[in-house]
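Read the structure below first, then the notes.
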Amino acid sequence: MNADAPDFAGAGNGHLPADSPLTVRCLRHLATSALDTGDLIASIRTSEHLLAAYGDQYVTRPAFLEADRMHGLESDLARLFALLTSLPRRLFDGDLGALGRAVGMTPYQVNAVERTAGDSPLPLGRADLYTAADGFRLLEFNIVSAVGGLEIAELNRMLLRHPALAQFVAEAGLHYVDTMASIAEVIKAECARGATGSTPSTPVVVITDTPGNFVPFEKRFQ
């Protein structure tokens with residue numbers, strides 16, 4: 001979650017989201033509310049989606065990110081995405097196949113990329129970040145189907161059913177992005193872009209995996 005309230009911004013680049021001033025303020029609010037953490041877990045257990053994804057494995061505190069840091073990350077990551085996706089044009093005169101061969105792709109992989117490439121790459125990926133003394137650092141940028149984070153919005157919805165947490169979020173002016181809805185919009189937009197003729201294409205999602213992975217992830221796939 002992030003805050004748009006001015007007094008929560010500019011918390012300093014070195015703070016972890018789990019230890020930010022906003023998070024500390026939330027923990028104090030919950031402590032004075034005599035919150036039973038079991039009640040929070042109970043609300044989470046009502047979601048089959050979250051049970052399939054996490055079971056009972058959760059961190060022991062909320063994590064918040066101030067609005068100025070969130071906006072800075074959005075800007076930086078958008079520029080990085082644009083830079084990465086410009087590499088075929090910058091280095092290989094727009095030849096995706098040449099780039100694929102340069103990084104060691106097999107002919108089959110190169111062919112798959114060339115057959116499915118659109119005019120511009122989809123804005124869909126996962127940035128793996130960690131914090132240093134002076135701010136966030138990027139470990140890697142995953143632009144694949146397994147982007148993760150689909151359950152975060154569901155987790156927020158379930159937790160906000162508790163009145164004590166809902167009160168703090170409302171008073172602090174916090175909000176979150178529904179990542180599942182955002183990804184769905186990207187998929188629908190891509191299907192519409194690839195449609196031929198006058199009839200819009202119906203989005204179809206195919207879930208595939210190796211037999212060994214399917215068993216532990218079967219409930220999440222469903």
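Tabulated values for the structure
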quantity: Whole-percent carbon and sulfur share, accessible surface of segment 85-222, 1.4 Å; calculated: 58 percent
quantity: Longest to shortest principal axis, alpha-carbon extents of segment 17-105, angstrom; calculated: 63, 33, 17
quantity: Accessible surface of residue 136 - all protein chains present, 1.4 Å probe, nearest 10 Å²; calculated: 50 Å²
quantity: Correct option for volume of the Cα convex hull per residue in Å³ [calculated from the coordinates] among [x] 180; [y] 150; [z] 128; calculated: [x]
quantity: Accessible-area ranking of 210, 32, largest first, probe 1.4 Å; calculated: 32, 210
quantity: Solvent-accessible surface (1.4 angstrom probe) belonging to residue 122, in square angstrom, nearest 10; calculated: 60 Å²
quantity: Probe 1.4 Å, protein heavy atoms only - accessible area per residue of the chain in square angstrom; calculated: 65 Å²
quantity: Sequence of 29, 175 from largest to smallest accessible area, 1.4 Å probe; calculated: 175, 29
quantity: Range of Cα positions in segment 59-139 per principal axis (Å), largest first; calculated: 47, 26, 23
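The values are calculated or read from the model by the stated rules, or taken from the named source; none is laboratory data. Given the structure is predicted, the values throughout are model-derived calculations rather than measurements. Quick note on the areas: whole protein, heavy atoms, side chains included, nothing else; ligands and nucleic acids left out. Shrake-Rupley method; radii C 1.70, N 1.55, O 1.52, S 1.80 Å.
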